[in-house]
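Derivation of every value follows stated rules applied to the coordinates shown; laboratory data play no part. Quantities reported herein were computed from a predicted structural model and do not represent experimental measurements. A quick note on method: Cβ atoms are made from the backbone with ideal geometry, for glycine too, and the neighbour counts reach across all protein chains shown.
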């Protein structure tokens with residue numbers, strides 16, 4: 001009887017060890033981390049007639065909104081986020097991402113609503129150089 005008890009104890013110990021190893025080796029699933037661009041981006045600003053954007057929101061020309069380059073827009077993970085934009089004269093404005101811009105060639109380019117563009121330059125200028133970044137919780 002003692003032999004059977006020790007054999008059962010040994011088998012039980014082995015099973016416990018194997019179970020522990022499988023728990024230790026089990027993958028830990030965590031939510032997808034939110035990736036943000038670090039630092040500022042530089043590019044060219046253009047303007048467009050707004051309407052229904054890829055984020056699914058209807059906008060009007062007087063809204064301060066932007067369209068991100070397709071490469072930065074991705075799957076819309078930046079929809080609704082604020083961006084802070086500055087020009088070469090240190091004018092500064094904040095806009096909301098509502099669309100993608102397939103015609104924006106550079107990863108730092110932004111397509112702006114007419115009113116946002118006009119805050120920085122006359123629409124007749126067509127383009128101007130910008131620096132921008134995603135705003136933090138405080139809007140900076």
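What to note about this one:
- Selection from region 73-124 of residues that are in contact with a strand residue (DSSP E or B) (Cβ under 7 Å, 6 or more places away or on another chain), closer than 20 Å to residue 58 by Cβ and assigned to a loop (DSSP other than H, G, I, E, B): 78, 79, 80, 81, 113
- Some residue of region 128-136 being surrounded by 21 or more Cβ atoms within 10 Å (Cβ to Cβ) and part of a loop (DSSP other than H, G, I, E, B): no
Rundown of residues vs (1) crowded, with 17+ Cβ neighbours inside 10 Å; (2) out of contact with any helix residue (DSSP H, G or I) (no Cβ under 8 Å at 6 or more places or on another chain), yes/no style:
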position	(1), (2)
54	yes, no
64	yes, no
72	yes, yes
75	no, yes
95	yes, no
100	yes, no
106	no, yes
116	yes, yes
